[in-house]
Amino acid sequence: MGMIGGGRGSFIGAVHRMAAAIDGQIELVCGAFSSDPENSRLSGQDFFLPANRVYSSFEEMIRKEKELPEGERMDFVSIVTPNHMHFPPAKLALENGFPVVCDKPMTLNLAEARQLVQVVERTGLLFCLTHNYTGYPMVKEARELVRKGKLGKIRKVIAEYPQGWLSTFLEGTGNKQAAWRTDPARSGAAGCMGDIGTHAENLAEYITGLRISELCADLTTFVEGRQLDDDGNVLLHFENGAKGVLHASQIANGEENSLSIRVYGELGGLEWHQMEPNTLIYKSQSFRHVLRPGVGELSDAAKAHYRIPPPGHPEGYLEAFGNLYRNFAFTLRSRLKGETPNPLYTDFPGAHDGLRGLAFIETLIQSNNSDRKWTKFVE
């Protein structure tokens, strides 16, 4: 793996490196870790990389890695920069033959997302978008329950992601993460809804298998001086006639990372909370089952993404993140060998999921700025 971004002072870069290393399938071999060449050099020292595999720019890295013999060069690129710097390196890497793992959102805006989907389709290379919450075993079990018809026709979906860390004007204190995530030039057209609302959108579509067809959004910026939204409430219509509610907030004082989802169908419902990720509740008016990894009969999809026996040893954020990297590595290895990948391990978000996320953001903003009740969701 080569990495773009993620040097000293980065939050998500360290998460990606830990997640990629969990299963012993991926080795970090090179990187352009910062737009500051000196920071990149020092970061390479932190990661014990040889000096000649630490680059001052992503352009240099992609060019020089391509010149190395096959078997020595990096096999793929991981992009962990702020949002505005996802598209340029992803496009360049793909066009030079390198598969890509990219942090979400896929690009800064919908126009870039459409272009990148075309590049992925034209090159035929693997692309993974790290919507990491899809990597949890019990999220995959929830998806299988819906697929198998255990809930019947889906009627209602409630997805929420409240945080409280931006309850004050944190970006004015020198906090690096707050500064770029609230800056439209680096984060994009949405703040809270782009940062975490897209996780709730992705989870709703992933578990139900349904696409959002239209929405009605109310976005607010509560903290004085902030440039982007820090709270959002959305009504959803799904393609099968199901109705939904999605809310995300970064000014929900006292909340940590309270992503959760509830799905209700004609025959039953389910409930999952990210902060208690090993528990999935499957229920109806006549029963209530608590499902846990390693206990009872679960789907192959859930079992393939749970690592630690016996039951009761909790797995969480890093392991779910690691599942995306492991699946990507297994699939890429199969492709390099000319083999058919195991379908259990081809389950990771791709470029089209990224396109849906950017379309969600653009549709939200259109809806919020319109006096019409409903806005069509258009990719």
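Structural remarks
- Criterion (touching a Ser or Thr at 6+ places or on another chain (Cβ under 9 Å), surrounded by fewer than 21 Cβ atoms within 10 Å (Cβ to Cβ) and within 17 Å of Asp103 (Cβ to Cβ)) met by exactly one of Lys148, Lys176: Lys176
- Only one of Ala329, Ala351, Ala301, Ala320 that is closer than 22 Å to Thr130 by Cα, of a type outside the set (D, E, K, R), surrounded by fewer than 20 Cβ atoms within 10 Å (Cβ to Cβ) and in contact (Cβ under 8 Å) with a residue 40 or more places away in the chain: Ala301
- Selection count, the stretch 110-139, where residues are out of contact with any strand residue (DSSP E or B) (no Cβ under 6 Å at 6 or more places or on another chain), part of a helix (DSSP H, G or I) and hydrophobic (A, V, I, L, M, F, W, C): 7
- Among residues that are touching a Lys or Arg at 6+ places or on another chain (Cβ under 8 Å) and either surrounded by fewer than 17 Cβ atoms within 10 Å (Cβ to Cβ) or at negative phi (or both), Met61 is not included.
- In the condition set (1) in a loop (DSSP other than H, G, I, E, B); (2) touching a Leu at 6+ places or on another chain (Cβ under 8 Å); (3) not hydroxyl-bearing (Ser, Thr, Tyr), Leu270 is compliant with all but (1).
- Residue satisfying condition, being among the charged types (D, E, K, R) and not in a loop (DSSP other than H, G, I, E, B), within set Glu276, Glu339, Glu315, Glu362: Glu362
- Considering the stretch 194-214, and only residues there that are in contact (Cβ under 8 Å) with a residue 60 or more places away in the chain and closer than 19 Å to Arg181 by Cα, the residue that is nearest to the chain's Cα centre (by Cα) turns out to be His199.
- Qualifying residue in the stretch 252-260 (condition: at pLDDT 95 or above, surrounded by fewer than 17 Cβ atoms within 10 Å (Cβ to Cβ) and touching a Leu at 6+ places or on another chain (Cβ under 9 Å)): no
- Only one of Gly24, Gly9 that is among the small types (Gly, Ala, Ser), surrounded by fewer than 18 Cβ atoms within 10 Å (Cβ to Cβ) and out of contact with any helix residue (DSSP H, G or I) (no Cβ under 7 Å at 6 or more places or on another chain): Gly24
- The residues of the stretch 182-198 that are surrounded by fewer than 24 Cβ atoms within 10 Å (Cβ to Cβ) and either touching a helix residue (DSSP H, G or I) at 6+ places or on another chain (Cβ under 6 Å) or not assigned by TED's automatic domain parsing to the domain that holds Lys148 (or both), listed by number, are Arg186, Ser187, Ala189.
The values are calculated or read from the model by the stated rules, or taken from the named source; none is laboratory data. Everything numeric here is computed off the predicted structure, so don't read it as measured data. No Cβ is skipped: glycine too gets one built from the backbone with ideal geometry, and neighbour counts run over all protein chains shown.
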